[in-house]
Amino acid sequence: MRRLKYIFQYSIFFLIGFLLVLFATLVPGFGNIRNLLSMLAQAAVTGVAAYGLAIIMIGGEIDLSFAGSFPLLAYIFARQLSAGSEFFMAVTTILALGIIIGLINAVTVLYMRVPSFLATTVMMFLLTGLYFAISGGRTVYIKGYYGFLFGFWGPIPKITLFLLVLTVVLHMLTEHTQWGIMLKSIGENPEYAFRMGINVSSIKMTAFALGGVLFSAAALIATIRLSSATGTLGSQALLPVMASAYMSTVVGSGKPNIWGALVASYLLQVIACGFGTLGLPFWATPMAQGVLLLLLVALANVGKKRGIGQVSLG
Amino acid sequence: MRVLLMEGVTKEFPGVKALDNVDFELVEREIHALVGANGAGKSTLLKILAGVIRADSGNIFFKGKQITQWSPRQVMEAGIQFIYQDLGLFNGLSVAQNIFMGRFPKTIIGTVSRRDVWSSARQILKQIGVEDIDVTLSLGELSAAQQQLVAIARALVRNPAILVLDEPTARLGSDEVNTLFAILKKLRDENGVSIIFVSHRLEEVYQIADRVTVLRDGQRIITDELQNINPEQLVKYMVGARLKNSGRLRREKSLEPSEEVILEVSSLTSDWFTDINFALHKREILGIVGAVGAGKSELAETIFGLRPYSKGQIRIKGCLVQPKSPRASMRFGVAFCPEDRRSKGLLLKSSIRENIVLASLDRLALGRWLCNPSREREVTQRLIKRLGIVPSIPDHITYKLSGGNQQKVVLAKWLCAHGEIFILDEPTVGVDVRGKQEIYQLIRELAMQGAGVLFITSDIHELFEVCTSFIVMHRGRIVARMRPDEASLDRVLYYVMGGSNAQA
């Protein structure tokens, strides 16, 4: 039974391995290192947003507003660039907007006491509405090649490096700083955290703000990658981002975490790429991703050690 | 006629014999008080009756028939109703829905008619003489006393032969207690219900009960008509002769409180207690003892800044403070180990290390922000060794530890945070005998090193074991102040149960 438990707990790695082997045999060239790395680069959008969501989930809340801020921020960004704004100026504006959205979420959740699931879902619709109001739903294209972001560094795409550095930084932040530990304890038991003299509101506030920044960063990466800002950006991101953040609990400790989110978003990307190159219809990918999410979370819970309210496998 | 007979009931938990060959008998139309000090086995006996746990040996006869299969559901169907301290009602449902939960009167097409439910609920409440409760309100809007009455009404719907009340008066005022007692007597006389009544209050036992059974250390000491026993005798039965002389208990000579006052509370008053005065010195272990509902935990939470108070002063080391939040209190060196350590005192899913350092992250940090795992591990390792936490692995998950070791982790956390005033609320609940001794020893060491300890307990033996002096609370007031060497167990229990000075 012990071995079975391990298989359940690390099922996500087995799954990635299995899918890689499967696609590599079906599609020539799928298995080469270049493709493997490029899939990691393509996972960046999902990954960065999933980091934001995972951080908020560590604190015991949730934030779905990214599905609305994606198209809105992408549109604003593209318009700024096409209006001749300086690149870094535009980037800073978008990141700042991300923080502001995060803070608004935090205020509704913490001070107006709206459950975060509700508050951020409403925010998602508000932002989507705002996007359509100002854009009319038109796609905006951006010109220029941002090689310093999307070039290669030897065989490694620069964006992959960026993703890995961000992963390490956020991992340090959530696991090895006072802030991270306080956030974790708030997520586990807010009443107790309060009793330990932890300022619950301010920590959650910063978590929402950090989430907002990461969502806006993901929107930026998506816009630059696609060289355009489209309205479907948000709805397309909703499932994979949410799935990655939830699946991160499957990797390791049973709580949302940064490394887990990276692994999960890579898995989802492998599926998307594999299905794409096999020529499966567009709706097959989210269906497969969704089923996987359910399966993995179920498997991990079944395989968990005798926990609180969990069925024991002996 | 005998309704219930429990015969030779024995139950052993790891390391402790909770019930040892106990007999308990209940006859028709009687109110039977079940009394005993903490840990005497009352709740174990009731749990066995309720079918929640199974006795190791012994027989139960209900209405003359021996019962072999005994599950909570069967107990309920047989006609034994339990009203626990937390009542087990649903705040979000209406009074009527609570009363009929699980057995709604149905209409022909099988739906529940609200009007029928309301009128039947009113009828039931009227039966027990309650007319001022609006059955359409949701339960959460009622007072504690009214909720208690709803719980009784719910029990009545099922036509019980036996009604078991576990400390029903702990949260009631004295008028409300009188109402409740009138209802219980009515149930006994008119409905023929037999009632088992658990209480920690002497005057109530005498006011309501016909007979009493005293448990002590898992054994039945006596069952008799109350009129044959006077209060002093009753308390002696509960305490036992062998422990009467407190001088026999081990005392730490070296523990002599200093003159320096570290915490002073004067005329502190709130909704939960009235006019509390005491001073805690350095190197002192001041016990606060009282029954459930005496207000001792509320007092502790007030000092730690978790509850507001309306009047009075709190001084820490001579400075007037107004504790508004735990954060503020911690800054003054106040450490608080709550009674419910599993939900309020620990992060069960985190490691020993994470728990211990949580209150001192600032102090252990590397620079301003970064954690310093190696230093944390070193500190944790030292505390684990000092407190004898088993297993001695800093990264062990806390929920796997025994109760005693979990409590040590809570203490270690405050040691790590350099607490000076320790408020310990029932630190030995759910801890085995050996663990208790270790915790007592730790508390003594804390005091010897200059800390002031407020030791809150409802177990009187503990007072004599660890405290240098103690106060007794009853219904939110301090009713006695004593030192272990000048008090006897039965005297203390007498005060705890609400015996007054005049009678003494």
_For the stretch A:228-262, give me the residue count where each residue is touching a Pro at 6+ places or on another chain (Cβ under 9 Å) and either among the charged types (D, E, K, R) or within 14 Å of another protein chain (Cβ to nearest Cβ) (or both)._
1
*In this structure, does A:Val140 turn out to be more than 21 Å from A:Pro256 (Cα to Cα), buried (at least 16 other Cβ atoms within 10 Å of the Cβ) and either free of Cβ contacts under 8 Å to residues at least 24 places away in the same chain or out of contact with any strand residue (DSSP E or B) (no Cβ under 7 Å at 6 or more places or on another chain) (or both)?*
no
*asked:* Restricting to the stretch A:252-289, count the residues that are in a loop (DSSP other than H, G, I, E, B) and within 14 Å of the chain's Cα centre (by Cα).
replied: 2
*Criterion: among the hydroxyl-bearing types (Ser, Thr, Tyr) and over 28 Å from B:Gln148 (Cα atoms) - qualifying residue of B:Thr44, B:Thr10*: B:Thr10
*Among the residues of the stretch B:306-326, is any under 13 Å from B:Leu454 (Cβ atoms), within 12 Å of another protein chain (Cβ to nearest Cβ) and in contact with a strand residue (DSSP E or B) (Cβ under 6 Å, 6 or more places away or on another chain)?*
no
*Tell me, please, whether a residue that is within 14 Å of chain B (Cβ to nearest Cβ) and modelled with pLDDT of 90 or more can be found in the stretch A:280-298.*
no
*Residue by residue through the stretch B:274-305, note down the ones that are within 14 Å of chain A (Cβ to nearest Cβ) and either touching a Cys at 6+ places or on another chain (Cβ under 6 Å) or among the small types (Gly, Ala, Ser) (or both).*
B:Ser297, B:Ala300, B:Gly305
*asked:* Suppose we filter A:Ile104, A:Ile186 for residues that are under 25 Å from A:Met242 (Cα atoms) and touching a Lys or Arg at 6+ places or on another chain (Cβ under 7 Å); which single one remains?
replied: A:Ile186
_Those helices (runs of 4 or more DSSP H) lying entirely in the stretch B:303-400 with at least 1 residues acidic (Asp, Glu) and in the same structural domain as B:Trp414 (by TED's automatic domain parsing)_ = B:352-357, B:361-364, B:373-387
*Within the bounds of the stretch B:323-337, is there any residue that is in contact with a His (Cβ under 6 Å, 6 or more places away or on another chain), of a type outside the set (Phe, Trp, Tyr), surrounded by 23 or more Cβ atoms within 10 Å (Cβ to Cβ) and in contact (Cβ under 8 Å) with a residue 60 or more places away in the chain?*
no
*Confirm whether B:Leu142 is within 16 Å of B:Gln97 (Cβ to Cβ) and touching a helix residue (DSSP H, G or I) at 6+ places or on another chain (Cβ under 9 Å).*
yes
*From the list A:Leu81, A:Leu36, pick out the single residue that is within 21 Å of A:Ile258 (Cβ to Cβ) and surrounded by fewer than 24 Cβ atoms within 10 Å (Cβ to Cβ).*
A:Leu36
*For B:Ser458, state whether it is assigned by TED's automatic domain parsing to the domain that holds B:Ser329 and either acidic (Asp, Glu) or surrounded by 21 or more Cβ atoms within 10 Å (Cβ to Cβ) (or both).*
yes
*Kindly indicate the residue of the stretch B:7-31 that is farther than 23 Å from B:Glu225 by Cβ and among the hydrophobic types (A, V, I, L, M, F, W, C) and also modelled with the highest pLDDT among those meeting that condition.*
B:Leu19
*Would you please name the residue that is surrounded by the fewest Cβ atoms within 10 Å (Cβ to Cβ), looking only at residues in the stretch B:338-357 that are facing another protein chain (nearest Cβ under 8 Å) and more than 22 Å from A:Met172 (Cβ to Cβ)?*
B:Ser343
*Take the residues of the stretch B:358-371 that are buried (at least 17 other Cβ atoms within 10 Å of the Cβ) and closer than 12 Å to A:Thr177 by Cα: which is farthest from the other protein chains (Cβ to nearest Cβ)?*
B:Leu364
*Return the only residue of A:Phe208, A:Phe194 being out of contact with any Asp or Glu (no Cβ under 9 Å at 6 or more places or on another chain) and of a type in the set (Phe, Trp, Tyr).*
A:Phe194
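Condition check ((1) closer than 26 Å to A:Ile224 by Cα; (2) assigned to a helix (DSSP H, G or I)) across all residues:
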| position | (1), (2) |
| --- | --- |
| A:Leu19 | no, yes |
| A:Gly31 | no, no |
| A:Ala49 | yes, yes |
| A:Ile56 | yes, yes |
| A:Leu72 | yes, yes |
| A:Ala96 | yes, yes |
*When you go through B:Arg201, B:Arg188, B:Arg171 one by one, which is the residue that is touching a strand residue (DSSP E or B) at 6+ places or on another chain (Cβ under 7 Å) and more than 13 Å from B:Ile83 (Cα to Cα)?*
B:Arg188
*Only residues that are within 14 Å of chain B (Cβ to nearest Cβ), surrounded by fewer than 20 Cβ atoms within 10 Å (Cβ to Cβ) and not in a helix (DSSP H, G or I): list them for the stretch A:146-196, please.*
A:Thr177
*Do we find that B:Lys413 is modelled with pLDDT under 85, within 10 Å of chain A (Cβ to nearest Cβ) and in a helix (DSSP H, G or I) in this structure?*
no
*asked:* Report every pair of residues separated by at least 6 positions or lying on different chains whose Cβ atoms are under 7 Å apart, first residue within the stretch A:229-240 and of a type in the set (S, T, N, Q), second not in a helix (DSSP H, G or I).
replied: A:Thr230/A:Thr139
_Looking only at helices (runs of 4 or more DSSP H) that lie completely in the stretch B:49-158, which have at least 3 residues being modelled with pLDDT of 85 or more and over 30 Å from B:Asp23 (Cβ atoms)?_
B:95-100, B:114-127, B:144-157
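The values are calculated or read from the model by the stated rules, or taken from the named source; none is laboratory data. For clarity, every value in this text was computed on a predicted model and none was experimentally measured. Methodologically, a virtual Cβ is constructed for each residue, glycine included, from the backbone with ideal geometry; neighbour enumeration extends over all protein chains shown.
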